[in-house]
């Protein structure tokens, strides 16, 4: 039981490049979330999903797209990366009152 | 969701109790108090939550004042591994978008040997 996993762990992109971050969970949870965390800050919600085939915007959605084609996977896409998207990205799932977080993806955009 | 106020940082001696305060003076009757922590570079970890009664689990105790405007997280015997940023979060229970968590800057707890 791996819980929540994220791929990749680290990535360096050049401005304008695109990439997809993968979040996978084996807990059969309906809800999944993508957060970003900048130095010295708390986490901010980018997008979330309440079930397979659904997505919704969080507080900082601009520049990102998401898809939830399968219940166990939640993908976060950057179509044209910008230096302002340099951050640590965390995925999470929820069951009842507890959120379970992945280990994070550290992304640097140069 | 109600806003919370926490001290920026606190220190605690190893083996002693760590008491982390949180003010949430605008909390509504249907909002719970949640605590999470984030050890350096890792994803946040759930600790405990409560509505109005004091709660205890294997990790910590949560004391909520009678007027529910503040709470205290207690780590009874802090260890070096408890050094982390602790987040106090207030939100309603329930499904859908209410499962979102709003993280502030939290309290950096440093446990010293």
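The values are calculated or read from the model by the stated rules, or taken from the named source; none is laboratory data. Keep in mind that what you see is a predicted model, and the values were worked out from it rather than measured. We place every Cβ from the backbone using ideal geometry, glycine too, and count neighbours over all the protein chains shown.
Restricting the range A:81-105 to residues that are within 14 Å of chain B (Cβ to nearest Cβ) and assigned to a loop (DSSP other than H, G, I, E, B) leaves a set whose member that is surrounded by the fewest Cβ atoms within 10 Å (Cβ to Cβ) is A:96.
For the range A:5-32, filtering for residues that are under 14 Å from residue A:99 (Cβ atoms) and modelled with pLDDT under 95 leaves 5. Of all residues in the range B:12-44, those being away from every other protein chain (no Cβ under 11 Å), part of a loop (DSSP other than H, G, I, E, B) and buried (at least 16 other Cβ atoms within 10 Å of the Cβ) number 2. When A:43, A:22, A:78 are checked against the criterion of being in contact (Cβ under 8 Å) with a residue 24 or more places away in the chain, crowded, with 19+ Cβ neighbours inside 10 Å and away from chain B (no Cβ under 14 Å), a single residue qualifies: A:78. Screening B:19, B:112, B:53, B:23 for residues that are at pLDDT 95 or above and over 14 Å from the mean Cα position of the chain (by Cα) leaves exactly one candidate, B:112.
Looking across the range A:3-14, the residues that are assigned to a strand (DSSP E or B) and more than 10 Å from every other protein chain (Cβ to nearest Cβ) come down to A:5, A:7, A:10, A:11, A:12, A:13. Candidates A:109, A:60, A:12: the one that is touching a helix residue (DSSP H, G or I) at 6+ places or on another chain (Cβ under 6 Å) and surrounded by fewer than 21 Cβ atoms within 10 Å (Cβ to Cβ) is A:109.
If you go through the range A:15-34 and keep only what is touching a helix residue (DSSP H, G or I) at 6+ places or on another chain (Cβ under 7 Å) and either assigned to a strand (DSSP E or B) or closer than 12 Å to residue A:105 by Cβ (or both), you end up with just A:31.
Looking only at the range A:81-100, residues that are in contact (Cβ under 8 Å) with a residue 60 or more places away in the chain and either over 10 Å from the mean Cα position of the chain (by Cα) or over 19 Å from residue A:11 (Cβ atoms) (or both) come to 9 in all.
Being within 11 Å of chain A (Cβ to nearest Cβ), modelled with pLDDT under 95 and either surrounded by fewer than 19 Cβ atoms within 10 Å (Cβ to Cβ) or over 23 Å from residue A:103 (Cβ atoms) (or both) is a description that does not apply to residue B:106. Output the number of residues of the range A:25-40 satisfying the condition of being touching a residue at least 60 places away in the same chain (Cβ under 8 Å), more than 9 Å from chain B (Cβ to nearest Cβ) and within 30 Å of residue B:8 (Cα to Cα). Of the residues in the range A:25-40, 1 are touching a residue at least 60 places away in the same chain (Cβ under 8 Å), more than 9 Å from chain B (Cβ to nearest Cβ) and within 30 Å of residue B:8 (Cα to Cα).
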